[in-house]
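First the structure, in the form of structure tokens, and then the observations on it.
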Amino acid sequence: DQQVKQNSPSLSVQEGRISILNCDYTNSMFDYFLWYKKYPAEGPTFLISISSIKDKNEDGRFTVFLNKSAKHLSLHIVPSQPGDSAVYFCAASGTSGTYKYIFGTGTRLKVLA
Amino acid sequence: GAGVSQTPSNKVTEKGKYVELRCDPISGHTALYWYRQSLGQGPEFLIYFQGTGAADDSGLPNDRFFAVRPEGSVSTLKIQRTERGDSAVYLCASSSGTSNSPLHFGNGTRLTVT
């Protein structure tokens, strides 16, 4: 069963506008969430994380929001840039430690110039 | 500093052959992970090492897959009697092993079984 879901396989956004990528999870024991970006032929690169004790974390153009009651998190990129075009994965881990991160299936973001 | 290094970057092998994939983690990282990514999917957990020991190997699909990390640094993922369904990108990641430390991935080894 898919414990971390990214229901939008792709998203296109105009340069300068906001990109919103969504992620849902089913396991209430998850307490740490991360977003990764992946370019072709490269490994995933860590972007931003959030602990379940927070509902928002911001780093430059990237903000992650966590809604624990809805078991939902989102990544906001503003303003979007063509270099942001990549596949974005959300990942989650549980209270038992930081191992065994569970990844979603990814959303391919295309930022149009 | 140097990131996670994986070799080879590409490996083509015939069905039934044995392969070894190598991972050199970031220096000082105690935790090492192997993931597998198939086309259109997210990374799928295989095994996690803390130091030299496999703390969790619950993601290994069957007994054809085995991984070692004898000195707590470099790790090798070994696949016996390869099958076409093993074709995927095998990703290695390391972390400092402290609570809530992110994984740092290598560029992966693309394995193709013909």
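Based on Cα contacts under 8 Å between residues 6+ apart, segment A:1-104 shows a relative contact order of 34 percent.
Once each part is reduced to its C-alpha centroid, what is the distance from segment B:77-114 to segment B:8-70 in angstrom? If you average the Cα positions of each part, the centres end up 4 Å apart. In this rough spin-label picture, where each label sits 7 Å from Cα along the Cβ direction, the B:S96-B:T7 distance is 2.9 nm.
Comparing segment B:54-94 with the 2.2 N^0.38 Å rule of thumb, its C-alpha radius of gyration ratio is 1.22 (two decimals). Each of A:A113 and A:S10 was given a label point 7 Å from its Cα along the Cα-to-Cβ line. The distance between the two points is 2.0 nm.
For peptide A:105-113, the mean count of partner chain Cβ atoms within 10 Å of a residue's Cβ comes to 1. Here segment A:99-113 is scanned for amide nitrogen atoms under 13 Å from the site 7 Å beyond the Cα of B:Q50 along Cα-to-Cβ, giving A:99-100. Separation of segment A:59-113 and segment A:1-46, taken as the distance between their Cα centroids, equals 4 angstrom. Mean partner shielding of peptide B:92-102, defined as the number of other chain Cβ atoms within 10 Å of each residue Cβ, is 4.
Tell me which chymotrypsin sites (Phe, Trp or Tyr not before Pro) from segment B:1-40 have a DSSP coil assignment and no more than 16 other beta carbons within 10 Å of their own.
When the chymotrypsin sites (Phe, Trp or Tyr not before Pro) of segment B:1-40 are filtered for loop state and at most 16 Cβ neighbours within 10 Å, B:Y18 remain.
Give the total of Lys-Lys pairs in the protein assembly as shown with Cα-Cα distances below 23 Å; include a pair only if its members are 8 or more places apart or on different chains. The result is 29.
Per-residue mean of foreign Cβ neighbours for A:37-49 is 5 (Cβ atoms of other chains, 10 Å radius). Near the amide H of B:T112, within less than 5 Å, lie the amide hydrogens of B:K11, B:V12, B:T13, all on another chain or at least 5 residues away, with H placed in the peptide plane. Which whole number in µm²/s is D for the protein assembly as shown by Stokes-Einstein, with the Kirkwood Rh taken over Cα pairs at 10 °C and 1.306 mPa s? D, rounded to a whole number, is 88 µm²/s. Per-residue 3J(HN,Hα) values for segment B:82-94, derived from phi via the Karplus relation 6.51 cos²θ - 1.76 cosθ + 1.60 with θ = phi - 60°, read 4, 10, 4, x, 7, 4, 4, 9, 9, 9, 10, 9, 9 Hz in sequence order (x marks Gly and Pro). Counting only Cβ charges, +1 for Lys and Arg and -1 for Asp and Glu, the dipole size of chain A around its Cα centre is about 100 debye.
Normalised by 2.2 N^0.38 Å, with N the number of residues, the alpha-carbon radius of gyration of segment A:24-113 equals 1.08. Spread over its residues, the convex hull of the C-alpha atoms of segment A:47-87 is 75 Å³ per residue.
As a ratio to 2.2 N^0.38 Å, the alpha-carbon radius of gyration computed for chain B takes the value 1.00. Proximity of backbone amide H atoms, modeled 1.01 Å from N, is registered between B:D56 and B:Y48 at under 5 Å, excluding neighbours fewer than 5 places apart on the same chain. Kirkwood's formula applied to the C-alpha pairs of segment A:1-62 gives a hydrodynamic radius of 13.8 angstrom.
Readers should treat all values here as calculations from the given coordinates under stated rules, not as data from a laboratory. The structure displayed is predicted, hence computed values, not measured ones. In this analysis, Cβ positions are derived from the backbone assuming ideal geometry, glycine residues included, and neighbour counts consider all displayed protein chains.
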